[in-house]
There are 2 protein chains.
Amino acid sequence: MRRAMSKQDYTSMWEGLGIDVEAHEGLLGVLGQGYQDVFLSQENRPAGMAYLDFVISEIHGLRIQELMDAKEQGRSVIGTFCLYVPEEIILATDGVCVGLCAGADIGAQAAEQVLPRNTCALIKSFVGFKLAKLCPYVEACDLVIGETTCDGKKKAYEIFNDFKETFVIETPHMKSPQSMALWQSEIRRLAEKIEGTTGKTITPEKLRAAVRTVNAKRKALHRLNALRQATPSPISGRDALLINQAQFYDDPIRFTEKINALCDELDERVAGRVGVAPADAPRVLVSGCPMAAPNWKVPFLIEKNGAVIVGEESCVGERGTRNLVDESGSTRDDMLERIANRYLDIDCACFTPNTEREDHIVEMARHYRADGVIHYAIQFCGPYTIEFHKVADALKREGIPLLGLETDYGTEDAQQLETRVQAFLEVLRQ
Amino acid sequence: MRRAMSKQDYTSMWEGLGIDVEAHEGLLGVLGQGYQDVFLSQENRPAGMAYLDFVISEIHGLRIQELMDAKEQGRSVIGTFCLYVPEEIILATDGVCVGLCAGADIGAQAAEQVLPRNTCALIKSFVGFKLAKLCPYVEACDLVIGETTCDGKKKAYEIFNDFKETFVIETPHMKSPQSMALWQSEIRRLAEKIEGTTGKTITPEKLRAAVRTVNAKRKALHRLNALRQATPSPISGRDALLINQAQFYDDPIRFTEKINALCDELDERVAGRVGVAPADAPRVLVSGCPMAAPNWKVPFLIEKNGAVIVGEESCVGERGTRNLVDESGSTRDDMLERIANRYLDIDCACFTPNTEREDHIVEMARHYRADGVIHYAIQFCGPYTIEFHKVADALKREGIPLLGLETDYGTEDAQQLETRVQAFLEVLRQ
């Protein structure tokens, strides 16, 4: 079963990368079926989503071929797991930046050979994909960059490094001037490491162009998000999430063009009051842990029960894209400093205190006129599961309804989650 | 049931501190019974352990009275949760430093109102003790100091701060020069905060005296540890753990005197080949998460099955005490820098990489002539449960037998743990 996936035969490319081709075929089958159920079954989708269908159908095919072609031309492929690794620095060496966070529980059995069972699904997934030889992205990488955001990833990178070279930068956990000094020096150290790996020098010109490229991508996503303020929403939350997921894999310039074209279409939809759900559908803001592709479980449960998701307060969403890099720097050091500043502004739950995130959730709920918030946490994710208490306090103060879900990548709890989502949507409809 | 606990009536003092006296009475009953079973039932204990019996019997009584008397005299009581908070700085303001990490699951139900169920038992315990009003130490504190060592504590302090003022310092997670610069500035910031709270100035003279006091305490513990190289061991691992636990509560000068007196007695025991277990008892090194009082479950299981614990690679053990502060500084800044250096040397699993810890475990196993290592991890403790994989690799390379245990503060798994311990000791006896 490979519906929705590429018809091309990439077997020899996968074999060359050391992929377990048979197991990988199974993965693509599951992925294709999931995509069919979650995305292609939607009615009245924007025509521009055809591009995303294509991106997903070729996510382990043509896109990997593009990476191999880039490597053939002397460009490097750098893998990252987290928002705190600046794509700008990689692009400034003509490198290709790919997000490696994984959203499927394939490989979990292999991961549990080296990680505790009580590790979050995202971490088990990226380790599992590597150990089970199922991720052509990680195999295509010349270097992988880790960070010290959470205990789970920080310590898992030590083990991952035994299988794939992983360069770790220290993300601080507070936002003092001294933490910023540490972070700026880490960003400089990263730039030097990437120069060493790629054999390219980061010039001010290259860096400026990279900053503009990534800012343009973010602006296209801002435009997409703004359109979701409309009632009815012109695009489903599932499709918006998919776009946010695809940005970690796709070529940034092409992606930006396609998203802007999609937004042109959505402009027309909004003007004509064309939506994907009835105007009275409950509007939900999803907040919490990142949903890496193909983790579509919770958004699917929410929308198949008649709600529409109008925003993602997530690393794979507005938390990850809302801030731009200040484009005013002129020297390399100036620009690296501005890049560091922008990235330390991200309000990940790894920081303490992190009241900016509470404020941002409230602000998003108001801005997108959400009827309620569904907080999504991956089981065993300490930062987000503990921060939930503060989020709940903040939303209670503002009178915004909240449902907290904690789950993993399995399907065993789907019925239980759905029952809770249905009950919550009932409340929102009242 | 309050066997082994003080006969004095401290009810009015506890009431004055806002303790839930009735529930607290229950806690003391459980503690007294546990102490009877784990400690007082031992045969052939050193006579010097009578002091520790007294310390424990008065741990919520006379010692709290001493804290209240100190406060009466204008001294402050500062609570800490972690090795990374330098006791020296507190002592230099004539303050009293008390360790608040808690080792009992009383209060867990209250803690789960504000924390996820999947939080480590130690964190649930310190939050639970506060919410259930069962810890006179935290109530006696003028200020509590937290740190950013692990995700769980870092985020739990945000919630804890709603109930008790908690000042958090940033512990870095790597050991680069820039991380050290951050850490040194955090230590200076802490010193200023403690000066503010206590109203006292930290002079070089006061700081030098404090450094010597804490170093002397550590040297007494080094002396104790060295005596455990002997066969038969002159003291049980349970008693050695108790001493390591008591150091976080007791007056440091009195404690040092009493431990040195105990060591005089142990010197004689070693000379006379007097031990607490037969010379052929399996010798076990315990390594892993801290065991805060009254967390005695695993050591009790190990020793009641005929082994003797000869070392603790733990925050409540040699990891916490092995390094001394360089006493050579002359100015306040010099000394604070040396203090910072000493504390950043601690090889907590919160650091990446943390190969020093693997090396130290191997070194301790050799030094104390351990037949095997039992790795103790608190369930849901990311840093230690994940680092276990690297520890296992290191011990395998060295041919040192290893048993990994993961547990919480409950008693439900005691039988299962004991069966595994028994099987491991069988292997060591072969």
Find the centroid of the Cα atoms in segment A:352-388 and in segment A:14-49, then give the distance between the two in whole Å.
-> 30
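Which links in A:K297/B:K155; A:K175/B:K155; A:K71/A:K219 stretch past 24 Å when you go from one Cα to the other?
Where the Cα-Cα span goes over 24 Å, the pairs concerned are A:K297/B:K155; A:K71/A:K219.
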Roll a 1.4 Å probe over the protein chains and send me the accessible area per residue for segment B:122-219 in Å².
-> 30
Mind checking the dipole of chain A: about its Cα centre, +1 per Lys or Arg Cβ, -1 per Asp or Glu Cβ, Debye to the nearest 20?
-> 540
By average C-beta atoms within 10 angstrom, highest first, the peptides B:225-234, B:286-295 = B:286-295, B:225-234
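Please give the calculated 222 nm ellipticity per residue for chain B, where each DSSP H segment of at least 4 residues contributes -39500 (n - 2.57) and the sum is spread over every residue; nearest 500 deg cm²/dmol?
Result for chain B, helices only: -16000 deg cm²/dmol.
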Residues in segment A:168-212 occluded by at least 30 Å² - accessible area, probe radius 1.4 Å, against chain by itself = A:E170, A:H173, A:M174, A:Q178, A:L182
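Ignoring any ligand, DNA or RNA, what whole percent of the accessible area of the protein assembly as shown comes from carbon and sulfur when the probe is 1.4 angstrom? Working shown, then result.
Values: 15170 of 30660 Å².
Looking at the protein assembly as shown in its full context, I get 49 percent from C and S.
Can you pick out the pairs among B:K133/B:K164; A:K130/A:K193; A:K193/B:K390 whose Cα atoms lie more than 19 Å from each other?
On the way: B:K133/B:K164 12 Å; A:K130/A:K193 23 Å; A:K193/B:K390 25 Å.
Long pairs (Cα-Cα over 19 Å): A:K130/A:K193; A:K193/B:K390.
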For A:150-162, what's the mean count of beta carbons from other chains sitting within 10 Å of each residue's beta carbon?
-> 6
Any GluC sites (Glu not before Pro) in segment A:58-165 that lie in a DSSP loop and have at most 13 other Cβ atoms within 10 Å would be A:E165
Does segment A:117-209 classify as rounded, prolate or oblate by the C-alpha gyration tensor (a ≥ b ≥ c root eigenvalues; a/c under 1.5 gives rounded; else a/b over b/c gives prolate, otherwise oblate)?
-> oblate
Entries in A:K124/A:K153; B:K7/B:K217; A:K396/B:K124 that, when Cα-Cα distance is taken, lie over 18 Å = B:K7/B:K217; A:K396/B:K124
Candidate cut points under GluC sites (Glu not before Pro) in segment B:314-357, DSSP loop plus at most 12 other Cβ atoms within 10 Å of their own Cβ, are B:E327
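Under a Cβ-only charge scheme (Lys and Arg +1, Asp and Glu -1), can you give me the dipole magnitude of the protein assembly as shown about the Cα centre, in debye to the nearest 20?
My answer is approximately 280 debye.
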Average partner chain C-beta neighbours within 10 Å, per residue of A:375-388?
-> 5
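Which GluC sites (Glu not before Pro) in segment A:361-430 sit in a loop by DSSP (not H, G, I, E or B) and have at most 13 other Cβ atoms within 10 Å of their own Cβ?
Those satisfying the criteria are A:E412.
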For segment A:129-207 and segment B:228-281, write down the distance between their C-alpha centroids in whole Å.
-> 46
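The values are calculated or read from the model by the stated rules, or taken from the named source; none is laboratory data. On a predicted model such as this, the values are computed, not experimentally measured, just so you know. Cβ atoms come from the backbone with ideal geometry, glycine included; neighbour counts cover every protein chain shown. Calculation scope for accessible area: heavy atoms of the full protein, side chains included, ligands and nucleic acids excluded. Shrake-Rupley method; radii C 1.70, N 1.55, O 1.52, S 1.80 Å.
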